[in-house]
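See structure below.
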């Protein structure tokens, strides 16, 4: 329902807009409608009543049972324009013109009974009736005209004032909606109305463009050079497609209908409204100018929409129409041209026909004709100028160019052209000779085996021709060139003053038949190296080469030639010249610093100043030759990659010779060697060395092999860092060494010295101590760097090797495992220096003649760092040596780690006087009860060595000295120190209780008692062991 309301509102707005637009209809035809006499009454009659479909009112409560009268006015159909009012009675009534309602005009014109009603519109009515009232009106009911009249009446009433009265579109749409859901039956009733509104506006036939308001079509012919005929301007017949004109044509005149694409010659042609057309006629036997009579045809009448009122109150206005056949007059007129021809013969002073002449023809009896023509060969083989289709009148003829080597005629002639006639004229020229220069350019070939970079485009060779003195034309006596002036294309023409004070230029002047000349007069030879210049005026000239292909030497030596007239028949004098350009030749060598030995394997290149690569090659034992480098240009000889072991040389700047002679350029490669040695100057194997550039890139890397290493990838002038990435086992890592490769062509040597830290493990007496575990720790990282057991067996030395070594000779070779070895006696010591090489891994040792390690070379040390050497496992009986801190510097370090003996001094003393007590039987046991030492005390301390650190021992007195009590056992623990450790056992004297007299008897009884006890003990022991005691 909401959509229906919106649609109804739109329809109402549309109706109002149509009414407003109709009121605003253009006034361009207002003058024409005034032809109707609104004061004269005409007959108005009623024919019959036509009822609206009965079911409209029965189905729609708001609809009334309505009807209308079919009427006529002045014998044309008339329609009710106000449906809500009564129809007027029959009678005679005047009619007023409806001027500003285009909707009413279109319905009256195209609708049923109108002058524009045709079969197509009838078919529209058929669709409308079949759609809305198929059971009420139509051909099958025999009342088609009634239905068409009824709907025309409804649409006119709607268009005239929006008065539908008996029709409520809203209710009709609601009752019978269409399938689209947006429209309905009420909209269907107005479908035909909208269809008529889309028909073309009703106008009156007239011509456009026109100078008298569209009445006359004016045509004026022009010469069509392409088709060789006369052609007029185009005119359009404005109006509807129903409007026609009948165009009568002259016998040889053709009408072209531009709109339809049709044509007709002679007779009468029908042209419809909206179509454009033009006329053509031949140039020969041109038709006379023409003016037609009235050519207006059907549809050109004046259409007028009429409103009829009877003057009574409450009666409706009737609408009808009128056509005035005399309301429009159309005609056309055409102005044609007349033509003639001109034939001109061009000869020399021997009456021979000439070619290549040009003439200018200008109309003087009328304006607009100014053409230039060239003399061509006619059907007889003669060079003549024939100009056809010239409009009749008078012309001025002037020669503006003539054949080379002839002087032009300076006069002007007046020529009269007569209709359909040929006017003839003869022109004579005299001799004017010129010269031709022929030059052959050649390019030298490259040497055999050389790289040929020369540009072979010979067309890049350029010359200029220069006047050697002032040159004057032999005919006009005017100066053509000044001394030193360059001859340019088209120059050297004969310029003649005419009788009327003007100047005319004749001949082609200087031309280039082989090669190309630019505006400045610079000439390029053709692909064959040839240059040919023609039309050169008489005089002395000089040819100078200004450029040549790249890679060749410019030949700037000028060539002089002269053109002189030698007879009165020769028209062209020829001069020939040949010239060869030498190719540039450059050889390049790559040698060592001595300059005597060629260096092979270098990747070389030539670049220009912009860095563009010109050539590349790998150096060999022969010189590299390049032919065709640009003469006089600067280049660089570059070493892109140097051979292994050589320094990349600095680029060499050179300029190519300009004389064509062989030019030699030599680049020398220097060598930078790295030597990895000990402090004694001996080459070391197994060090992993790197050379690093300033950007951190590794340029070269290798393991030292006992020889100097020539570094690869270096460049002169750059600074590098020599870095030891891995030292041979037994040597210290050295700090980086920075060095700069000099530009001097001298070899450089960089020496890196490896140092070592040698550790000896010794006893107090200086002899080697085996079995100790030593450890090296970094003070910086606290990590363990190296650890070893002293005195281990390193290498098996057989008897043959021992003999050589004892003689002081070196031994080297490979063992069964394929490991390389070298054993070298060391001066001033009994050690031997051992090197073992397993692949790239190299380890150094100090050994004795048995192959046992005597001194250890600490591994993994870095220069400049501090380390701690400590004993982590001490041999039994020795005190742990103190830690040693050492720093790696640029010198060898020898460390001695001495383990002191464990020393224990045992004293047996009298407790009363603290003096040594002799005669005591003592022994030392371990915790397992094993007796390690026993002795009888003296007046001196007893020393025991090499007891184990940290162990507990027991000092026991097995027998006390006479007069002393046996002491209790003494336990003691061995400390980890080389200092003397003291253990003291005290004995208590025996105390006797005697009152008086001598004490000897008492001592006797005591001794006797002791002996008795011993005897009893021994007897009891024997009884136990004896089987008989059981």
Report summary line: Those residues of the range 728-744 that are buried (at least 17 other Cβ atoms within 10 Å of the Cβ) and farther than 30 Å from residue 866 by Cβ come to a total of 1
Query raised in the report: So how many residues does the range 570-597 have that are surrounded by 15 or more Cβ atoms within 10 Å (Cβ to Cβ) and closer than 23 Å to residue 635 by Cα?
Result: 13
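So for the range 313-330 (the condition being farther than 30 Å from residue 161 by Cβ, modelled with pLDDT of 85 or more and either out of contact with any helix residue (DSSP H, G or I) (no Cβ under 8 Å at 6 or more places or on another chain) or crowded, with 20+ Cβ neighbours inside 10 Å (or both)), does at least one residue qualify?
Yes; the residues of the range 313-330 include at least one that is farther than 30 Å from residue 161 by Cβ, modelled with pLDDT of 85 or more and either out of contact with any helix residue (DSSP H, G or I) (no Cβ under 8 Å at 6 or more places or on another chain) or crowded, with 20+ Cβ neighbours inside 10 Å (or both).
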Query raised in the report: Do you know which of the residues in the range 97-114 that are more than 14 Å from residue 199 (Cα to Cα) and at pLDDT below 90 is surrounded by the most Cβ atoms within 10 Å (Cβ to Cβ)?
Result: 101
Report summary line: Out of (1) under 30 Å from residue 892 (Cβ atoms); (2) assigned by TED's automatic domain parsing to the domain that holds residue 591, the one residue 689 does not meet is (2)
Report task. Restricting attention to the range 816-846, report how many residues are farther than 28 Å from residue 782 by Cβ, out of contact with any strand residue (DSSP E or B) (no Cβ under 6 Å at 6 or more places or on another chain) and either in contact (Cβ under 8 Å) with a residue 24 or more places away in the chain or part of a loop (DSSP other than H, G, I, E, B) (or both). Result -> 8
Query raised in the report: Which one of the conditions (1) crowded, with 18+ Cβ neighbours inside 10 Å; (2) part of a strand (DSSP E or B); (3) modelled with pLDDT under 85; (4) not assigned by TED's automatic domain parsing to the domain that holds residue 848 does residue 725 fail to meet, given that it meets all the rest?
Result: (1)
Query - Residues that are in contact with a strand residue (DSSP E or B) (Cβ under 6 Å, 6 or more places away or on another chain), at pLDDT below 80 and not in a strand (DSSP E or B), drawn from the range 373-408 - result: 375, 378, 382, 402, 404, 405, 408
Query raised in the report: Among the candidates 288, 313, which residue alone is in a loop (DSSP other than H, G, I, E, B) and either farther than 30 Å from residue 108 by Cβ or within 60 Å of the chain's Cα centre (by Cα) (or both)?
Result: 288
Query raised in the report: Would you pick out the residues in the range 409-430 that are at pLDDT 70 or above and assigned to a strand (DSSP E or B)?
Result: 412, 413, 414, 415, 416, 417, 422, 423, 424, 425
Report task. Would you mind stating whether residue 745 is assigned to a strand (DSSP E or B), at pLDDT below 80 and closer than 30 Å to residue 606 by Cα? Result -> no
Requested in this report: Restrict the check to the range 489-510 and report whether at least one residue is at pLDDT 80 or above, outside the structural domain of residue 617 (by TED's automatic domain parsing) and closer than 17 Å to residue 547 by Cα.
Outcome: no
Requested in this report: Might you check whether a residue that is touching a strand residue (DSSP E or B) at 6+ places or on another chain (Cβ under 7 Å), assigned to a loop (DSSP other than H, G, I, E, B) and more than 24 Å from residue 684 (Cβ to Cβ) occurs anywhere in the range 787-807?
Outcome: yes
Report summary line: Within the range 138-153, residues under 16 Å from residue 54 (Cβ atoms), touching a residue at least 24 places away in the same chain (Cβ under 8 Å) and surrounded by 22 or more Cβ atoms within 10 Å (Cβ to Cβ) come out as 150
Report summary line: Inside the range 74-91, the number of residues satisfying the requirement of being at positive phi and assigned to a loop (DSSP other than H, G, I, E, B) is 2
Query raised in the report: Of these, 178, 198, 194, 173, which one is surrounded by fewer than 17 Cβ atoms within 10 Å (Cβ to Cβ) and touching a strand residue (DSSP E or B) at 6+ places or on another chain (Cβ under 6 Å)?
Result: 178
Query raised in the report: Hey, does the range 54-73 have a residue that's surrounded by 14 or more Cβ atoms within 10 Å (Cβ to Cβ), in the same structural domain as residue 153 (by TED's automatic domain parsing), outside any strand (DSSP E or B) and modelled with pLDDT of 90 or more?
Result: no
Query - Within the range 457-475, considering residues that are at pLDDT 90 or above and part of a loop (DSSP other than H, G, I, E, B), the one surrounded by the most Cβ atoms within 10 Å (Cβ to Cβ) - result: 461
Requested in this report: Only residues that are under 60 Å from the mean Cα position of the chain (by Cα) and part of a loop (DSSP other than H, G, I, E, B): list them for the range 257-285, please.
Outcome: 258, 259, 260, 261, 274, 275
Report task. Determine which single condition residue 849 fails, assuming it passes every other condition in (1) part of a strand (DSSP E or B); (2) in contact with a helix residue (DSSP H, G or I) (Cβ under 8 Å, 6 or more places away or on another chain). Result -> (1)
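Among the residues of the range 476-488, which ones are in a loop (DSSP other than H, G, I, E, B), touching a strand residue (DSSP E or B) at 6+ places or on another chain (Cβ under 8 Å) and surrounded by fewer than 18 Cβ atoms within 10 Å (Cβ to Cβ)?
478, 482, 483, 484, 485
The values are calculated or read from the model by the stated rules, or taken from the named source; none is laboratory data. Just so it is clear, the structure is predicted and the values come from calculations on it, not from any experiment. Here the Cβ is made from the backbone with ideal geometry for all residues, glycine too, and neighbour counts use every protein chain on show.
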